[in-house]
Amino acid sequence: MLQKLTISNYALIDDLEISFDKGLNIMTGETGAGKSIILGALSLILGQRAESRYFFNQQKKCVIEGTFLINGFHLKSFFEENDLDHESATILRREITADGKSRAFVNDTPVNLAVLKQLGEKLIDIHSQHATLEINDPDFQLLVVDSVAGHAELLNDYRTRFKTYKKDSARLQQLIADSDKAKADLDYYQFQFDELEAAKLDAEEQEKLEQELYALNNAEEIKRSLLAAVYLMQEGETSALLQLREATHHLSTLEKFNPSIAELHERLKSTVIELKDIASEVENVEQRTHTDEARAGEINDRLNLIYTLQKKHRLNTIAELLNLQDSLSEKIEQAVHGDEEIEKLQKQIAVEKKELEQLAGRLSANRTKAIPQIEKQVIEALAEMGMNSSVLKVNQAPLPAKMGESGLGPDGADVVNFMFSANKGHALAEMSKVASGGELSRLMLAIKSLIASHTALPTIIFDEIDAGVSGEVANKVGTIMERLAQNLQVITITHLPQIASKGSSHYFVYKDNDSATTYTRIKQLSEQERVVEIAKMLSGDKPGESALQNARELLSVSLKS
């Protein structure tokens, strides 16, 4: 239920806070006072689009916040799926800046508008006298039947299995398509695979071969440079080793004069040894370096094969070629053995379909039992609201194959259709074609009352759906709303005193013109204030004693009932 609504900087509202009761909440006020503005603000936290031109102050942001008590609505899975904190008192907040940027939050966690809208639809159902589309929606009509049938657990089981069935069926079609393509391309895949396999590729060989070929192609230059280095280090008349040995000799003669020279002498001797070792290794490398045209030819042939394969397949490395080889192997395997996997999945899907058909049969049987109850209770409620000649017929038929796989749909194997006549002698037809706005409103009220008696519904807001009724009929409509409020929270905007008197709480919306700026205000009326307000609804702004007495009687009857 909606426990509290806070509105800041929206239309004629600067700051407004409303706390609602759990039963029947009545909202009244003159036309233009701001009742629709409050509903407009509420729609923002239900995911509707916003425009900054509706701001009270264009220099400030608009903030709408609603606190909802959600225990018993089985929403924990929704919160888990969207990574939200599930709180018994859940807060939906919407912030819109003057430049039109919008942010939405659920329990202080940022969410996008789609998530906010999905959650809002589970918490509040706003119904106005013009909202007739829902009642003609086949999904809504099926929801009515399922609510009365009371098979929520069975239906959820069916829906879960149906999703698996559809997922596996899609996978089967993909497997068949892949298998057919693999078979058609088998010779081509096999040729490419054989070519790569025959190459016996090694992921690390290309770099090594390219380095070896570079060395072979530059062998003469490498030998010249190595020989020159050996000459300079140890073979020349002024080689580095000869000069270092002479320096070592000079230091050795000085050790007796300065002990620190001994350490330098030892370090220089080590340098001589290291230089001799380097010269020897350079000489060895030079002796191993030679031109080998045969080996260079082998490497060139190998690299040309690698380059040709890379260019052919538009790849850059041997590792990528090896990955392609693995992929081709999988495609060949699928072409050769894919039928086995397809056959296995086909058998699994056949079992799933049989189980779905059994569940769908149980759903259909439950719906068949529920339909007479729906027809009877809706007609009784309509008669109570002055529509004594109404006839409702709920047709149940198998789901056409074109709408589902072999007559199976996401909600079973049925399609239902509500046919209605509001007057004697008129043929049954779709409800939107045979009922006026006021009649449709009463019909929706009767249906919502029926659903609420069988399952948990969100808060329902009726926005002046009592248009076109008066007198005793209005009183009966109010009685139905009062009965509906025993199972869920109802918020009703009305201009009829008969309905206003039925509420457990009464809120008055008005314009405050005391200052230079007009504000929309709301207040919860006391018992005496309710008497005056209902009297005004009966007779005008200055009610006489008879109107006040009538108001007391209306409230007294409502309290006693």
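The values are calculated or read from the model by the stated rules, or taken from the named source; none is laboratory data. Since we're looking at a predicted model, the values are computed, not measured. Glycine also receives a Cβ, built like all others from the backbone with ideal geometry; neighbour counts cover every protein chain displayed.
Given the residues Q486, Q524, which is the only one that is touching a strand residue (DSSP E or B) at 6+ places or on another chain (Cβ under 7 Å), of a type in the set (S, T, N, Q) and surrounded by fewer than 21 Cβ atoms within 10 Å (Cβ to Cβ)? Walk me through it before giving the result.
Working: Q486 fails: touching a strand residue (DSSP E or B) at 6+ places or on another chain (Cβ under 7 Å).
Answer to the selection: Q524.
Do we have I491 as touching a strand residue (DSSP E or B) at 6+ places or on another chain (Cβ under 9 Å) and of a type outside the set (K, R) here?
Working: touching a strand residue (DSSP E or B) at 6+ places or on another chain (Cβ under 9 Å): yes; of a type outside the set (K, R): yes.
Here the answer is yes, as I491 does meet what is asked.
Looking at the range 379-395 only, could you name the residues that are in a helix (DSSP H, G or I) and either within 30 Å of Y165 (Cβ to Cβ) or acidic (D, E) (or both)?
E380, E384
Restricting to the range 458-475, what's the tally of residues that are surrounded by fewer than 20 Cβ atoms within 10 Å (Cβ to Cβ) and closer than 18 Å to V378 by Cβ?
Matching residues across the range 458-475 total 1.
Among Q310, Q373, Q358, which is the only one that is surrounded by fewer than 17 Cβ atoms within 10 Å (Cβ to Cβ), over 30 Å from Q234 (Cα atoms) and in contact with a Leu (Cβ under 7 Å, 6 or more places away or on another chain)? First the steps, then the outcome.
On the way: Q373 fails: in contact with a Leu (Cβ under 7 Å, 6 or more places away or on another chain); Q358 fails: in contact with a Leu (Cβ under 7 Å, 6 or more places away or on another chain).
When all the criteria are applied, what remains is Q310.
Go over the candidates T289, T238 one by one and state the one that is farther than 28 Å from E197 by Cα, touching a residue at least 24 places away in the same chain (Cβ under 8 Å) and assigned by TED's automatic domain parsing to the domain that holds E212.
T289
Is at least one residue of the range 131-140 at pLDDT 90 or above and among the aromatic types (F, W, Y)?
No, the conditions are met nowhere in the range 131-140.
Restricting attention to the range 288-297, which residues are surrounded by 14 or more Cβ atoms within 10 Å (Cβ to Cβ) and assigned to a helix (DSSP H, G or I)?
The answer is A296, and nothing else.
For every residue, the table says whether it meets (1) out of contact with any Lys or Arg (no Cβ under 7 Å at 6 or more places or on another chain); (2) within 29 Å of S441 (Cα to Cα); (3) not in a helix (DSSP H, G or I).
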position	(1), (2), (3)
L315	yes, no, yes
I342	yes, no, no
Q346	yes, no, no
R362	yes, no, no
R367	yes, yes, no
A370	yes, yes, no
Q373	yes, yes, no
Q377	yes, yes, no
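Among the residues of the range 473-511, which ones are outside any helix (DSSP H, G or I) and either among the aromatic types (F, W, Y) or under 35 Å from the mean Cα position of the chain (by Cα) (or both)?
Passing the criteria: A485, Q486, N487, L488, Q489, V490, I491, T492, I493, Y507, F508, Y510.
Scan the range 512-535 for residues that are under 16 Å from K502 (Cα atoms) and either among the β-branched types (V, I, T) or in a helix (DSSP H, G or I) (or both) and jot them down.
E527, Q528, E529, R530, V531, V532, E533, I534, A535
Quick check on A262: is it among the small types (G, A, S) and either farther than 29 Å from Y214 by Cα or loosely packed, with under 11 Cβ neighbours inside 10 Å (or both)?
For A262, the condition - among the small types (G, A, S) and either farther than 29 Å from Y214 by Cα or loosely packed, with under 11 Cβ neighbours inside 10 Å (or both) - is met.
Could you identify the single residue in A215, A198, A229 that is of a type in the set (A, V, I, L, M, F, W, C) and in contact (Cβ under 8 Å) with a residue 60 or more places away in the chain?
A215
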